[in-house]
Structure formats: structure tokens, C-alpha cells
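Nothing in this text is a laboratory measurement; each read-out follows from the coordinates by a stated rule. The structure presented is a predicted model; accordingly, all values stated were derived computationally and were not measured. Counting neighbours? That spans all protein chains shown, and the Cβs are built from the backbone with ideal geometry, glycine included.
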Amino acid sequence: MSTLPTRPSTVARSAQSIAEIETQRLRRRTFAIISHPDAGKTTLTEKLLLFGNSIEIAGAVRGRKSERTAKSDWMEMEQERGISVSSTALTFEFAGAQVNLLDTPGHHDFSEDTYRTLMAADAAVMVIDLAKGIESQTEKLFRVCALRKIPVLTFVNKVDRRGRSPLEILDEIERKFSIEPVPQNWPLGSGEDFRGFVDLHNDSVHLFDEHRANRRISSKVVSWSDLESIQPAIRPDLIDATGEEVELVRMAGASLERSQFLGGAQTPVFFGSALTNFGIEHFLHGFLKLCPPPGSRQTPEQRPAEPSSNFSGFIFKIQANLDPRHRDRVAFLRVCNGMFERDMEVTIARSMKKIRLSRAFRIFGQDRQTIEEAYPGDIIGLVCPGEFRLGDTLCQNEIVHQEGLPQFSPEFFAVLDCTDTARRKQFDRGLKQLIEEGAIQVFHDAHAKRRENLLAAVGELQFDVVRYRLESEYNAPTSLSWRPYKLARWFNATAEQKSNIKLPYSAKLALDQFGHDAVLLQSEWDIKALHRANPDIRFEEMRVTT
Ligand code: GDP
């Protein structure tokens, strides 16, 4: 009698394969780029992929962006609005490491999606335009990284263009974020005078060559002391001015300590030009040295002391309609511990339901590539039959709980109603589904007799997405009526504290979709008043759902 071959259980995994999982973990780096639109995120992504030997993918990044007015990816609305809301991960190899770059939506109305995607990253790269400095979207995203203690590297882009002085940019980073910027290189001139950069680690000068933009060639490197004699074309006054700035930076600044960077006290700053491909290779080497390998997301008390082969991961994004031919939903999972193998059986920690993961993909736009195995830090797309919720932990053999996904203060609030009473059931079902996907948040007035659906989101377009999907997928027409709230603050309080809470005149007590207490407010000024009137209650702008 023959027996069917079975996959080895992780329990029985040999010590050798635990070591293999650890080797794979240590060679991975998973990060996301945070920036304001037009700072150069797409261009930088392309150039990183160029160095990672993924030129054909690099073309696709640009292609996807320039397709804005052409054929829509998966949603008519996306076509009308010219925005891309899909998000996945790009993978490339560099210097023996596997780098996973999490793609985040560029449009600020979908920043809630970006906030959650950041939770799957072990570090973030903040791209700043030298001419514009820190812009609003970058500022918001940096604060999310700071709240979640995600270390941030800085790339100051467009040094080939005339911009602000690098010293001014460093000063702005320090002033706005209370973090110490530690430059790793220093530009030699800018704009039409841009000639290269000084590597502050060894005083070598990387010379700029504008014809290298789409090539993977390294810069010509000379020593600082030889610069004048070897490169007579570089004006002596430019060399003198750069020398003085470098001296100043050295005297004023501390050196970079990895622990300070990981703890959020320092950010290494790299200057470069994504468009001309200059400074990218230097940045990549620095990035690999500094960015931590994938960390476990388990709560501190549950974190295994030893590397474990038990698989676990969490769902940080659910995306519907990636493929318009099948109205399917894909859950994006970040592997945190152990090894994922196709067909493995896992437990959803929330529902304790067992599920077989037979359809797992690496997803790029419309393309899907089946994944056989994945390691900590990897992102996999799971075609989900409606079992998963945002923030779910999937685990094998032993039930673990991850830290949970944060919910951020919305900035827009509106009551949503179904205008066709005959479609009420479908409306309720659709809305429940969209809330589980994280497409929208919902609050209820804590005192109201009639339960209204007060929807809330960080971006206004999220409401359009919800209405569009209710209408197209559930055939439920809706009406929207805006409410004047601009912020929410969550709080934990005793029953007595809650009954004595003092609210500003225009604020409202509410419960969120998980039943947590919150106050809805109309202005920053109201927040100050709320804090002043209730000094014994802690109000929070972000809530971690576990
Ligand atoms: P994103 O919106 O952040 O993805 O920005 P893009 O990568 O699309 O860049 C916005 C614009 O800035 C485009 O026209 C790019 O060609 C340009 N750009 C990006 N990087 C550089 C750079 O290093 N130097 C210059 N001069 N232009 C750049």
C-alpha cells in the first residue's frame, strides 16, 4: 500500500531549515518610500530597480504612471480621476540582499492605505525635493513613522537642479521632526554647477556624469585632496565653498549611531539625483548597511527568544477588484516569522478558523506569479474567499498575536444612507464588507436613538470609492451628507470619567466600529480645549486595533 507524500510539518522541521529561514530573513530588507507627490518617488523606485537588475520592471513603474489617461487598471473611477490606488511590493536583489519595496498610493486621499502599508515595513525612506523642502504629505507620513517607531532614512532628491542650501534642508528636518539629520554625503555645487558629491565617510569625491541616467555604471571616484589637480574644470571657489560646508557639518553634527537611527533619534541623509541616477548606488549601499532585517511583529511578551520556524504573518491590506474579470479580493500579507509554503494550513487567530493557503501570489498590477515559499519580510497576495479581515494574524502550529494595525484619526465625516429601501440589506452587507477591508471607518453617535452610519476617512476620495462600490457591486444607490467634524480622538476611561467628560460645544461622543470610545471634533483648537478640560483622560490620535 502506498501513502501519499505529505509536506513536512513545521513542527518537525529540522534545525537546518530553521537556520535556512534565519539566513533568508537576515538577507531581506523591507521598506517603503514616503514623500509628497512630485518629489521623485517613482523615479527613485525606477533607479533602485535599475541597480537591482530589474530594468523591465522599472519600465513598468513609469508605464503604470504614464498610463494615467489611458486604459484603467481596474476601476472606472480610477480612470476618471487619474489616480492609482493599488499597492503591492516590488522585489529586487542588490549586493546579496533581497530588497522588498512596498508600493504605496501616490494620491494623498488614500494615505490611510499608505499608513497601513507602512506597518508592513521595517524602515522608511523619506524623499525630499531639494527645492521644496519638507512638504505637507511627507510631514504627515513622517509622523506616522515616528508614532510607530519606524526608522527613517532621508534621500534629498533633485540636487542637479538649483534648490535650497543643503544646510537649510538639514535645519528644516531637525526643526520640524526633532530628529538629528546626519549627512552621509555632501553635494559639490547644485543646479548647473552640480559636479558630484563628497562621501563623508572617506572624503572621496564621486564625480557627476550626466550621461549615466539610464545606466548601471558607477561614478568616477577621486580623493578630495586631488580634486583640484585632477579636475581643473571644477571651479576652485566651488571646491572652497564645499570644503567649508563639509567642515561646518563635521563640527556641528554628531556621527551616525545605528542604535540612534533604529530608535528614531537620528536620520541618515543622502543627497542625490534620481533622474540622472546619481547618488543612487551610494544610497543603496548605505541603506543596506542601516536598514534592519525583518522584525517580528509579535507583542513583546510573545516574541520568541529564539528564531522560530512557526509561520505567522498579518494582513495589512485588502484590495478588491484587482482583476475586473473576477470580482475577487486579494489580501496582502506580510510574513513575520517562519516560512510560508504554498498549500500550508494556517489558523486565523481572530476566528480560530483553519484555512488552506493554496492561492498565493506575488502581484504586480495585473500580473500574478504563484509563490511557492516566502520568508520573513516578504509580501504575498492571498486570493481571499471573504475570510480575512484587515489586521488578521495567520499562524501555524501555535496561535500568536501580532501588534495590530493602527487606525488613524479621520479628517472627513459624512452620513451615508441607502436611497432605495428595497436594497437596504445589500447596502448593509456591502458596507460591512468595505469596513472590514479598511476602505472606510464608521462611527456611531454614543447617545443617538437612531443608529446612523457616520462614515469617516482620512481622504475625501475614499467616500467616492465606497459609494461607487456599493452601487456597482451591491446595486445599492446612496446619498451622502457631510458633517462638520475634522478629527477624532480615542480614549480609555472609567464609566465615571466618561459620564463626567467635558466636551467642547461642537464636539460629539461616539463609538467606532469596534465599539471604542472616541470624541469627534471640529478643530485643533477644540482638541486643546478637550485636553485642558479633562486632564485625567488620555486622548489619542491613533488607535491600535488588536
Ligand atoms: P513622484 O510623484 O514622487 O512619483 O515623482 P516622479 O518620480 O514622477 O517625479 C516628478 C517629476 O520630477 C518628474 O518630472 C521627474 O522627471 C522629476 N524628477 C525626479 N527626480 C528628479 C531629479 O533628480 N532631478 C530632476 N531635475 N528632476 C527629477
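Per-structure values
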read-out: C-alpha center-to-center spacing [the stretch 423-474, the stretch 350-408] in angstrom; value: 24 Å
read-out: Spin-label zone in the stretch 175-209 - amide nitrogen under 16 Å from a point set 7 Å from the Cα of VAL222 along the C-beta vector; value: 188-189, 194-199, 203-209
read-out: Long-range HN-HN contacts of LEU487 with modeled amide H, under 5 Å; value: LEU521
read-out: Gained length - GLU345 relative to ILE230, 0.36 nm times residue gap less alpha-carbon distance; value: 35.0 nm
read-out: Interchain or long-range residues, amide H under 5 Å from GLN513's placed H; value: VAL442
read-out: Under-5 Å amide H pairs with VAL544, H placed in peptide plane, nonlocal only; value: GLN407
read-out: Segment HIS531-LYS502, extension gain: residue separation times 0.36 nm, minus the distance between their alpha carbons; value: 9.5 nm
read-out: Cβ-based charge dipole, the stretch 424-546, positive-most Cα from ASN475, ASN500, TYR485; value: ASN500
read-out: LYS354 versus ASP38: modelled label distance in nm, points set 7 Å from Cα along the beta carbon direction; value: 5.6 nm
read-out: Residues MET542, MET251, sorted so that the one with the fewest Cβ neighbours within 10 Å comes first; value: MET251, MET542
read-out: Rounded to the nearest 20 debye, dipole of the stretch 113-170 from Cβ charges on Lys, Arg, Asp, Glu; value: 80 debye
read-out: For the stretch 406-544: lysine pairs under 17 Å (alpha-carbon distance), excluding those fewer than 8 apart on one chain; value: 6
read-out: Sequence-distant aspartates and glutamates (8 or more away, or on other chains) whose Cα lies within less than 18 Å of LYS132; value: ASP38, ASP160, GLU168, ASP171, GLU172, GLU174, GLU192
read-out: Peptide ranges 431-440, 43-52, 135-144, 330-339 listed from the most packed, as the mean C-beta count within 10 angstrom indicates; value: 330-339, 43-52, 431-440, 135-144
read-out: Those lysines that a straight Cα-Cα span of less than 17 Å connects to LYS47, excepting residues fewer than 8 apart in one chain; value: LYS65, LYS158
read-out: Which of LEU394, LEU170 has the fewest Cβ neighbours within 10 Å, and the rest in rising order; value: LEU170, LEU394
read-out: Segment ALA252-ASP420, extension gain: residue separation times 0.36 nm, minus the distance between their alpha carbons; value: 53.8 nm
